[in-house]
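Below: the structure, in structure tokens.
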Amino acid sequence: MKKIETDRLLLRNFSKADSQALLEYLANPRVSCFLEDKVHTIEEAALKIQKRKKDDSFVAVCLKGSDDLIGEIFYLKEDPDTYSIGWHFNAQYEGKGYASESVKEFLRYLFTQLDARRIYAYVEEDNYKSQKLCEKLGMRKEGRFVEFISFTKYEDGTPKYENTLQYALLKKNG
């Protein structure tokens, strides 16, 4: 992926130097959908970085100037022209508009460079910050899936299903 710059941020491929910062936000995922990405050690983070370095569908979000990794945006392409996107940011950088700034520019990239027609995001019903971000980006709420998916289990071992919202944006509205 070519580097994308905003006023304060740089969106780029992951690099080996990102391992410690990735560990910081994947050691304790705050949203259950990231539980499968959880890492416990710097070695596990380095392995994830090795995979992400080679995969343009994972984009590192870094502070311009210092190049410090503060989060990531990722996508999955569905033929012919639809993309599912998601994001994960380090909690210490919340409230500064970085998620909005980076995802807005990334949406533009998907529409103009990858010729996306439709982009959507799944957001857990209790993830109010991501819901607010979707709305700020002009995405419309399309639906609510009841007990849609399980990422974790109750103490008795049964799956804990979560309600999930879907937000989307069409190129003609983006």
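The values are calculated or read from the model by the stated rules, or taken from the named source; none is laboratory data. As the structure is a prediction and not an experimental result, all values here were calculated from the model. Cβ: placed from backbone, ideal geometry, glycine included. Neighbour counts: every protein chain shown. The protein model used for the area step is the full one, side chains on, heavy atoms only, and it has no ligands, DNA or RNA in it. Shrake-Rupley method; radii C 1.70, N 1.55, O 1.52, S 1.80 Å.
Once the chain from LYS132 to ASP37 is taken as fully extended at 0.36 nm per residue, the excess over their C-alpha distance is 31.9 nm. Among the listed pairs LYS38/LYS96; LYS48/LYS171; LYS16/LYS54; LYS104/LYS129; LYS38/LYS153; LYS136/LYS171, those whose Cα-Cα separation exceeds 22 Å are LYS38/LYS96; LYS48/LYS171.
Based on DSSP H segments of at least four residues, each scored -39500 (n - 2.57), the chain has a per-residue ellipticity at 222 nm of -7500 deg cm²/dmol.
Dimensions of the range 1-65 from C-alpha coordinates, computed as largest minus smallest value along each principal axis and given longest first, are 32, 23, 20 Å.
Were the residues from SER57 through ASN13 laid out at 0.36 nm apart, the gain over their Cα-Cα distance would be 14.9 nm. Selection among SER102, PHE74, GLN113 by position relative to the dipole of the range 68-125 gives GLN113 as farthest towards the positive end (Cβ unit charges, Cα centre). The 3J(HN,Hα) values that the Karplus relation (6.51, -1.76, 1.60; θ = phi - 60°) gives for the range 88-103 are, in residue order, 8, 10, 5, 4, 5, 9, 6, x, 10, x, 5, 4, 4, 4, 6, 5 Hz. Gly and Pro appear as x. Under 13 Å Cα-Cα from LYS3, which aspartates and glutamates qualify once same-chain neighbours fewer than 8 residues away are excluded? Filter leaves ASP56, ASP67, GLU105. Each principal axis of the Cα cloud of the range 74-174 was evaluated for its coordinate range; sorted largest first, these ranges are 48, 35, 19 Å.
Amide H contacts of LEU9: LYS64, each under 5 Å away and 5 or more positions distant or on a separate chain (H built 1.01 Å from N in the peptide plane; Pro and chain starts excluded). The 3J(HN,Hα) values that the Karplus relation (6.51, -1.76, 1.60; θ = phi - 60°) gives for the range 5-21 are, in residue order, 10, 10, 4, 10, 10, 10, 9, 8, 5, 5, 10, 3, 5, 7, 4, 5, 5 Hz. Gly and Pro appear as x. For LYS51, the aspartates and glutamates whose Cα comes closer than 17 Å to its Cα, not counting residues fewer than 8 places off in the same chain, are ASP18, GLU36, ASP37, GLU43, GLU72.
Amide H contacts for ALA27 (H built 1.01 Å from N in the peptide plane; partners 5 or more residues away or on another chain; cut-off under 5 Å): VAL39. With semi-axes defined as the square roots of five times the eigenvalues of the C-alpha gyration tensor, the equivalent ellipsoid of the range 58-116 measures 23, 11, 10 Å, largest first. Centre-to-centre separation between the Cα atoms of the range 43-83 and those of the range 132-156: 21 Å.
If each Cα of the chain is one equal point scatterer, what is log10 of I(q)/I(0) from the Debye formula at q = 0.08, 0.11, 0.17 Å⁻¹? Those come out to -0.24, -0.47, -1.14, one per q. Computed over protein heavy atoms with a 1.4 Å probe, the carbon and sulfur contribution to the accessible area of the chain reaches 48%. If I model a spin label as a point 7 Å beyond the Cα along the Cα-Cβ vector, how far apart are those points for SER100 and ALA46 in nm? Label at SER100, label at ALA46, 3.9 nm between them.
Think of the chain as a dipole: +1 on every Lys or Arg Cβ, -1 on every Asp or Glu Cβ, centred on the Cα centre; then among SER15, MET139, ALA91, MET139 lies furthest on the positive end.
Note that the range 54-59 has calculated 3J(HN,Hα) couplings of 9, 10, 5, 7, 10, 10 Hz, one per residue in order, obtained from phi through the Karplus relation 6.51 cos²θ - 1.76 cosθ + 1.60 (θ = phi - 60°); glycine and proline are x. Dipole check for the chain: with +1 at the C-beta of Lys and Arg, -1 at the C-beta of Asp and Glu, and the Cα centre as origin, the magnitude is about 680 Debye.
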